[in-house]
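Written below as structure tokens is the structure these notes are about.
The values are calculated or read from the model by the stated rules, or taken from the named source; none is laboratory data. The structure presented is a predicted model; accordingly, all values stated were derived computationally and were not measured. The accessibility values were calculated without ligands, DNA or RNA, using every heavy atom of the protein model including side chains. Shrake-Rupley method; radii C 1.70, N 1.55, O 1.52, S 1.80 Å.
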Amino acid sequence: MLWPKQVKIVEVGPRDGLQAERGAMLSVAARVKLIDLLSESGLQSLEAGSFVSSKSIPAMANSEDVFDKIQKKPGVDYAFLVPNFKGFEIAQHHGIKSISVFTAASEAFCQRNTKCSIQESFERFSEFIPLAKAQGMRVRGYVSCIFRCPYEGYIQPQKVVQVAETLLDMGCDEIAFGDTIGVGTPQDVIALLERATFPKEKMAMHFHDTYGMAIANITVSLEKGIHIFDASLSGLGGCPYAEGASGNVATEDVIYLLNGLGVDHGVNMNKLMEASAYIDGLLSRKSGSKVALALQGGCV
Ligand code: HMG
Ligand code: MG
């Protein structure tokens, strides 16, 4: 089997992982410490927060303070989610070099998540993507609900491809394909990737793991030449607009898979587990990573 020699892991725990936390709100200092621990693990790409309405997502309030205080490790990309011009202005003001816009392949999800239609989301993005690009920012575009939507059900792959194409035409450097509710199986991944024939360096897969299929989905994506994967330490998270959906695939589980396949990823598992132990301790939760649990239990 021919796997890519090397993959990039985009650690989304500090954003996707923490955004759904409804318990004790984490302080800016705790979020900063988490991100600094993650950057020490060798991860080169971190989604560190979002500039969204704090009424919609209270856990991401003060993301700009988080950015101001983190160590800016050379070579590490620290990205922030931005839904509109206001979010872009905050990013610009703080000297942030990497932003992520987000829309969906489902009208109903887009409305619930960002209070606008898919078309209106594109109009919002068109107000700032050209400015962001002109200033040398990196822009990632998310397409949510690539397989199913919690409100609309089945989503046609063709719809996902159309939304991704529009985002690329608008200037996005990379598209993250989001299985927001973690329902896809390898067959769904194959069906989508056979239609989504974009350059592989512009495609990232973002699997939530509600039904435990994420590792299988990553494996078939690797077989199809994908080499950018989103993951969240300890499997943290979920989406506040997708009730019952669980977190992203655990970063530890992805690292273990890649080690087994002999694919380079540049992440030090022990350092990553320090970050996981830190956040799990703060949130008083058991790890959502089977690999972390096995390693903590001394199972070799
Ligand atoms: P709206 O109510 O239409 O916005 O919400 P608005 O412009 O009328 O403003 C409402 C309030 O929000 C105002 O404050 C604004 O200032 C403020 P108030 O005057 O009431 O005090 N506001 C902002 N504050 C900070 N930064 C901003 C900003 N914009 C407005 N950029 C809006 C529209 C998009 C703002 C809202 O619906 C929102 O914030 N949604 C965010 C939803 C979200 O973050 N969802 C989770 C991330 S997406 C996800 O998890 C999926 C993903 O992981 C991929 C996958 O898994 O599929 C990416
Ligand atoms: Mg997500």
Could you pull out every one of the aspartates and glutamates with an alpha carbon less than 17 Å from that of K97, ignoring same-chain neighbours closer than 8 positions? E11, E47, E64, D65, D68, D77, E89, D173, E174
Between H93, H206, H227, where does the largest GNM mean-square fluctuation fall for the chain, given springs only between Cα atoms within less than 10 Å? H93
What per residue convex hull volume, in Å³, do the alpha-carbon atoms of region 11-118 yield? 101
How big, in percent, is the set of alpha carbon pairs in region 90-230 lying more than 26 Å apart? 21
Percent of C-alpha pairs per 10 Å bin, the chain, short to long: 6, 31, 39, 21, 2, 0
Which lysines, on any chain, are close to K115 with Cα under 22 Å apart, when same-chain ones fewer than 8 places away are left out? K55, K86, K159
Measure off, as a whole percent, the carbon and sulfur share of the 1.4 Å-probe accessible area of region 8-296, all protein chains present. 50
Longer than 19 Å from Cα to Cα, which of K33/K69; K8/K73; K33/K133; K8/K224 are they? Say none if no pair is. K33/K133
Compute the accessible area per residue over region 8-296, keeping the other protein chains in place, probe 1.4 Å, unit Å². 39
Residue separation between D173 and A108 times 0.36 nm, minus their alpha-carbon distance, gives in nm 20.8 nm
Computed [θ] at 222 nm, helices only, for the chain once each DSSP H run of length n ≥ 4 contributes -39500 (n - 2.57): -11500 deg cm²/dmol
Using Cα springs under 10 Å in a Gaussian network model of the chain, which residue among G212, G281, G260 shows the largest mean-square fluctuation? G260
